[in-house]
Amino acid sequence: MILVSGVFEKEVEPFLVSMVALERGLLLSREYFRGVIGRNEIIVTSGMIGKVDTAAVLQAFIDRFNPFLIIHVGACGGISELLDIGDMVLASQTLEYDLYPLDRIQRFYSSDLFMEHVLDYTDNVVTGTIVTGDKVVSDPKLKEWLKNTFDAIALDMDSAVVGKVSRMNGVNFGVLKIVVDMCDERATEDFERYFPKYAPVPALHVVEIMKHHMFHPERGLWE
């Protein structure tokens, strides 16, 4: 079983459209859909804003469905000058930037197999560190600090929690995001403008992988 998560329904919509639906239900007041894409059985849910929401929802789904892999998709803010709006970001690692002391902050590393498969089947992806905090960043000074302190390339409010909860439960995880703002003074305006267009794109790429390949808990990706 693979758990697919996103903050907003639009970010996971391609999974819902593409799956052969088997079950629909509620867990922690979040709607979920169980189904099959190719030979992959998946559970899809969304509706987790911020770190506390994300942790609570993911733990509930892990307890109920015991997934061997969590795939988190959706939008993020760009930090690196190598990125622009519409670029996809594959997390090599995630961390929470708003914890102290800084030298005690944990880094959570994505599944190597998931990263390899995304890079094999997806063009124009930038790989690097995604940092997570409970705020929208629109301050150029904070953006620069995040880049210099953590070598971060992108930012969101959820990915590091996906990493943390996954690792605490012994579950592999992967994060594929797309840039919809550049963490500057236009962040809110750009998010509202570009989110509807780009939010489903990471999910579309993962769906295409699932249609032709099978993720396996022990053997990675089957042809």
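The values are calculated or read from the model by the stated rules, or taken from the named source; none is laboratory data. The model shown is predicted, which means the values in this text are computed figures rather than measured ones. Quick reminder, even Gly has a Cβ in these numbers, built from the backbone with ideal geometry, and neighbours come from all protein chains shown.
The numbered conditions (1) of a type outside the set (K, R); (2) under 28 Å from N66 (Cβ atoms); (3) part of a strand (DSSP E or B) are all true for V126 except (2). Y32 satisfies every condition listed in (1) surrounded by fewer than 22 Cβ atoms within 10 Å (Cβ to Cβ); (2) closer than 27 Å to V131 by Cα; (3) among the aromatic types (F, W, Y) except (1).
Across the stretch 1-33, the number of residues qualifying as touching a residue at least 24 places away in the same chain (Cβ under 8 Å), assigned to a strand (DSSP E or B) and in contact with a Lys or Arg (Cβ under 8 Å, 6 or more places away or on another chain) comes to 2.
Evaluate the stretch 93-102: report whether one residue or more is in contact with a helix residue (DSSP H, G or I) (Cβ under 7 Å, 6 or more places away or on another chain), closer than 17 Å to K211 by Cα and not basic (K, R). No, there is no match, as no residue in the stretch 93-102 is in contact with a helix residue (DSSP H, G or I) (Cβ under 7 Å, 6 or more places away or on another chain), closer than 17 Å to K211 by Cα and not basic (K, R).
Listed conditions (1) under 30 Å from T149 (Cα atoms); (2) touching a Pro at 6+ places or on another chain (Cβ under 7 Å) are all met by S111, apart from (2).
On the stretch given as the stretch 157-207, residues that are in a helix (DSSP H, G or I) and modelled with pLDDT of 95 or more total 27. Report yes if K164 is of a type in the set (K, R) and surrounded by 23 or more Cβ atoms within 10 Å (Cβ to Cβ), otherwise no. Judged against the criteria, K164 is not a match.
Regarding the stretch 63-84, can at least one residue be identified that is of a type in the set (D, E), in a loop (DSSP other than H, G, I, E, B), surrounded by fewer than 23 Cβ atoms within 10 Å (Cβ to Cβ) and touching a residue at least 12 places away in the same chain (Cβ under 8 Å)?
Within the stretch 63-84, one or more residues are of a type in the set (D, E), in a loop (DSSP other than H, G, I, E, B), surrounded by fewer than 23 Cβ atoms within 10 Å (Cβ to Cβ) and touching a residue at least 12 places away in the same chain (Cβ under 8 Å).
Take the residues in the stretch 91-123 that are in contact with a Lys or Arg (Cβ under 8 Å, 6 or more places away or on another chain), assigned to a strand (DSSP E or B) and of a type outside the set (S, T, N, Q), then tell me which one is surrounded by the most Cβ atoms within 10 Å (Cβ to Cβ). If we take residues in the stretch 91-123 being in contact with a Lys or Arg (Cβ under 8 Å, 6 or more places away or on another chain), assigned to a strand (DSSP E or B) and of a type outside the set (S, T, N, Q), then A91 is surrounded by the most Cβ atoms within 10 Å (Cβ to Cβ).
Take the conditions touching a strand residue (DSSP E or B) at 6+ places or on another chain (Cβ under 7 Å) and buried (at least 17 other Cβ atoms within 10 Å of the Cβ) and apply them to T45. Does it pass? Judged against the criteria, T45 is a match.
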